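Down below is the structure, laid out as structure tokens.
The values are calculated or read from the model by the stated rules, or taken from the named source; none is laboratory data. Remember, predicted model here, so these are calculated numbers, not experimental data. Cβ coordinates were reconstructed from backbone atoms using ideal geometry, including for glycine residues, and neighbour counts include every protein chain displayed. These accessible areas exclude ligands, DNA and RNA; they are computed on the full protein's heavy atoms, side chains included. Shrake-Rupley method; radii C 1.70, N 1.55, O 1.52, S 1.80 Å.
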Amino acid sequence: MQHRIIVLGAGYTGAFAAGRLARRLHADDVAVTLVNAEPDFVERVRNHQLAAGQDLKPRPFAEMFAGTGVELKLAKVTAVDADAKTVAVTGADGAETLAYDTLVYALGSGWTDHGVTGAAEHAHEIASRPGALKLRDRLARMDAGQTVTIVGGGLTGIEAATEFAEARPDLDVAIIARRDLGDWVSPKAQAHLRKVFAKLGIRVHEHTDVAEVRDGEIVTADGTRIASAATVWTTGFAVHPIAAATTMETTDRGQIVVDGDMASVSHPDVFAVGDAGYAIGDAGKPLRMSCASGIPMAQTAADAITTRLTGAKAGKVPLGYFNQCISLGRSEGLIQYVHADDRTRTVSLRGRFAARYKEIICKGAAWGVANPTYGMPVRRRRVAKAAEHTGTAVKALA
Ligand SMILES: Cc1cc2nc3c(=O)[nH]c(=O)nc-3n(C[C@H](O)[C@H](O)[C@H](O)COP(=O)(O)OP(=O)(O)OC[C@H]3O[C@@H](n4cnc5c(N)ncnc54)[C@H](O)[C@@H]3O)c2cc1C
């Protein structure tokens, strides 16, 4: 009997975990099934580039997982029963229930309107590929001089505003930020941001809260009306409601609460990684939704599962931050170095070199997903008898 590992979601973290597990566990003993709604890997960190009209390299899973032993199931996950250890999916074969021994939950996140009136109806989002493609189509049909407004002054909003302004200098690009633009980066880095925004002609509305989005305009909290032919909502991510609907312990945002191995604190046969998991980093603070911490979470979970099943020892994967890599269009960038808990250091890289650095990071993240043992030779380990169907911890293999 094979131990059945099901991985839900083939984004940066699910695809990484599935690939690593399949390469480290013997195929006679373990079946790794990866469930994803789409047949290609989505480089979500490039969604603003996709929306700006750039063509991204296609990354079909059929190629990525060829010869690895990962079985890809194209289906939409509709529910998880963490007590019965089953997953409900709907795909080309209709509705099905899949049983697992170990589950890796990696469904990522989407956008949220934060309850702002009209945002869901009138604003665009770039948290998902369909959202980015819809915006791409809208931007392509916009006439010179029309306004596109990005709501949200975080990393995604900054990357989107600069990308759109660079790609479409004929448009009037604006950004709305709740506080000072880039107030969390170092003073030199913030000055650089302002310089690039000014050079690209991006209008900046700071200390502004949006109260309503309408067709063709935005209304701020103080009642000011800002004309906006296209509004892009980048105020943060929200997880899918599937986990919160289970008996698993979740946060009030719906993330699965996990321990240091990324195992659910209430259901140890479930591991949650990436945006869907609520984990505490090495510096004692919750990790934020990002690839930067999501991929180490996936490695931690895959190695903990391998240890559980085979007894093989795993090294500790650092769960902290090193830098924030921000693209400012294709020829400008900002690398802000941070402490392990994500607090800003004074050092930053700026300009063309930073843009190239960010590009290497994006390429490296996609390469890592396709090469989850980082090119290191690995042995496919046999599963200890006791662990086959129970997932029981195995101390050591004879
Ligand atoms: C524009 C943009 C720029 C970003 N830039 C950065 C950056 O520079 N650095 C950084 O660290 N992070 C960045 N992020 C955040 C980063 O993309 C996410 O944190 C990361 O993708 C999370 O990985 P994940 O595997 O948890 O989820 P995802 O990558 O979102 O993958 C989830 C997968 O699950 C699938 N899925 C979801 N629901 C279902 C379902 N019901 N059934 C079947 N399949 C489903 C999805 O199709 C997807 O394949 C950026 C995000 C955006 C949108």
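When segment 96-145 is filtered for residues that are among the β-branched types (V, I, T), under 30 Å from V383 (Cβ atoms) and either buried (at least 21 other Cβ atoms within 10 Å of the Cβ) or within 10 Å of the ligand (Cβ to nearest atom) (or both), the ones remaining, listed by number, are T102, V104.
In segment 349-372, the residues that are more than 16 Å from K195 (Cβ to Cβ) and away from the ligand (no atom under 13 Å from the Cβ) form Cβ pairs under 8 Å with partners that are assigned to a helix (DSSP H, G or I) and open to solvent by 20 Å² or more (accessible area, probe 1.4 Å), at six or more places apart or across chains, as follows: A370/M64. Checking the structure you have, find out if any residue of segment 200-210 is of a type in the set (G, A, S), surrounded by fewer than 22 Cβ atoms within 10 Å (Cβ to Cβ), more than 14 Å from the ligand (Cβ to nearest atom) and farther than 25 Å from Q336 by Cα. No, that holds for no residue.
Cβ-Cβ distances below 7 Å connect the following pairs, each with a first residue in segment 78-89 that is in a strand (DSSP E or B), a second residue that is open to solvent by 60 Å² or more (accessible area, probe 1.4 Å) and near the ligand (Cβ under 10 Å from one of its atoms), and a separation of six or more residues or different chains: T78/T90; A88/T78; V89/K76; V89/T78.
Of the residues making up segment 125-163, those that are over 21 Å from the mean Cα position of the chain (by Cα) and assigned to a helix (DSSP H, G or I) are D137, R138, L139, A140.
Listed here are the residues, each with its yes/no results for (1) at positive phi; (2) under 15 Å from the mean Cα position of the chain (by Cα); (3) assigned to a loop (DSSP other than H, G, I, E, B); (4) within 9 Å of the ligand (Cβ to nearest atom).
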site: I6; (1), (2), (3), (4): no, no, no, no
site: A10; (1), (2), (3), (4): no, yes, yes, yes
site: T13; (1), (2), (3), (4): no, yes, no, yes
site: A22; (1), (2), (3), (4): no, no, no, no
site: V32; (1), (2), (3), (4): no, no, no, no
site: R46; (1), (2), (3), (4): no, yes, no, yes
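On the given criteria, is A301 without any contact (Cβ under 8 Å) to a residue 40 or more places away in the chain and either of a type in the set (G, A, S) or open to solvent by less than 40 Å² (accessible area, probe 1.4 Å) (or both)? No. Every condition in (1) open to solvent by 30 Å² or more (accessible area, probe 1.4 Å); (2) away from the ligand (no atom under 14 Å from the Cβ); (3) farther than 18 Å from A82 by Cα; (4) touching a residue at least 12 places away in the same chain (Cβ under 8 Å) holds for T247 except the one numbered (3).
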